[in-house]
Every structure is written in structure tokens, then in C-alpha cells.
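Okay, structure first, notes after.
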Amino acid sequence: MPTGSITLATGPMFSGKTEWLIEKLANSDTEKALAIRFVLDTRYSNDSLATHNGKQMNAKSAASVSDIRELFSQYKQTKTVGIDEIQFFDDELAQLLEELRQKGVTIYASGLNADYLASPWETTVAIERIADKVINLTARCNACGKNNAIYTQRIGDTTDRVAVGGIELYEARCQEHYVAIA
């Protein structure tokens, strides 16, 4: 029975997670690759994986794990899948990825390591537990400029856990410059 693999890239905002994902998918057999994006992330595009610095790749949108299952039923030839913003899907995503790995699918997943309160995202943790490889990315700290930021600092007023945004709402911060919000 064929066995695929799961590789997870995780880190704070602005650490290059989506760029990494686009690169992995671009280097695969694009005829059999499927890129999936979270439907509510429309910061830079409505139909593409898109980075903060403008790189894009066509992608299918999904709002739930059932939407991802439906995409796989439509694109049966898929041998490689890339899923961006995994933290926004429920942790049932880990079970689906395990099923796909057992069917021989190569999986690349990317998502935030923690929310703005430094609390781990449940789906990221669930996928981290089953991944064959985990890549922990860092970003350039907005306060000191060092490439050691592991936190996402919210600078906007909203207190909702999920608030999709970019530089107007978030900064990357290192441990020294992250300000815990009570």
C-alpha cells in the first residue's frame, strides 16, 4: 500500500509559510497537485495562495474539512496537496491528512504556530503530532530587526481570536519584544 508524507511549516505571521508552500507545490507535478486556501483569507486574492510580498498560485477555496474532502472527490488524480492557513480549519483536518497520507498523497501544510495571545492553534498542534517533518519558521522582529521572531503580536484593537489581517493588524516579535496581552 502506498504511503505519502506530511510536512508542516509553522511559525508567526510574516515568516514565509505561504511562500514555502507555493515553492513546494511549484516543484511538484503540477498536473496532480492541488492548492487549497482558507475561504475567508481574502487579504491579497480571492482565488490564490498569496504572500505578503505578492507571490501567488491558483488555489481552490475551502471553509471546512468537508469542503476539502469534496475537493478531493472532484480532483481524484491529486498526488500532492498544499493547504494554507491550517489553523482556521477544525482539528478534524489532521484525521483527513492521515487518511490521505495512507493513500499515498504527499501533503504540505502551513499555518500559524500560535494566536496573538501566544496560545497554540489546536489544528496546528494536531497536525504537528502526525507530521513526518515539521519546519519551524521565524520572522524578522518588528521591534529589533533580528530574524528570531516566533510570536505574532496583534497591534489592532480587536479581541476576536480569528481576525484575518496583515501589517495593519499584526507584527512579528521575538521573545524579548513580544508583549503579552492579558
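Brief remarks on what is shown
- Among (1) out of contact with any Lys or Arg (no Cβ under 9 Å at 6 or more places or on another chain); (2) of a type outside the set (A, V, I, L, M, F, W, C); (3) touching a residue at least 60 places away in the same chain (Cβ under 8 Å) - the single one residue 157 does not satisfy: (3)
- The strands (runs of 3 or more DSSP E) falling completely within the range 62-169 that include 3 or more residues that are surrounded by 14 or more Cβ atoms within 10 Å (Cβ to Cβ) map to 80-83, 106-112, 151-154.
- Within this structure, residue 123 fails the test of being in contact with a Phe, Trp or Tyr (Cβ under 9 Å, 6 or more places away or on another chain) and within 12 Å of residue 7 (Cα to Cα).
- Of the residues 124, 106, the single one that is closer than 25 Å to residue 154 by Cα, among the β-branched types (Val, Ile, Thr) and touching a strand residue (DSSP E or B) at 6+ places or on another chain (Cβ under 8 Å) is 124.
- Considering the range 170-182, the residues that are surrounded by fewer than 16 Cβ atoms within 10 Å (Cβ to Cβ) and in contact (Cβ under 8 Å) with a residue 24 or more places away in the chain include one that is nearest to residue 107 (Cα to Cα), namely 175.
- Inclusion of residue 10 among residues that are within 20 Å of residue 131 (Cβ to Cβ), at pLDDT 95 or above and either in a helix (DSSP H, G or I) or out of contact with any Phe, Trp or Tyr (no Cβ under 7 Å at 6 or more places or on another chain) (or both) is warranted.
- Selection status of residue 21, crowded, with 18+ Cβ neighbours inside 10 Å, touching a residue at least 60 places away in the same chain (Cβ under 8 Å) and within 13 Å of the chain's Cα centre (by Cα): yes
- Search result, residues across the range 48-61 that are part of a loop (DSSP other than H, G, I, E, B), of a type outside the set (Gly, Ala, Ser) and surrounded by 14 or more Cβ atoms within 10 Å (Cβ to Cβ): 51, 52, 55
- Residue in the range 70-77 that is at pLDDT below 95, among the polar types (S, T, N, Q) and touching a Ser or Thr at 6+ places or on another chain (Cβ under 9 Å) present: no
The values are calculated or read from the model by the stated rules, or taken from the named source; none is laboratory data. Small disclaimer: the values here were computed from a predicted structure and weren't measured. Virtual Cβ from ideal backbone geometry, glycine too; neighbours counted across all protein chains shown.
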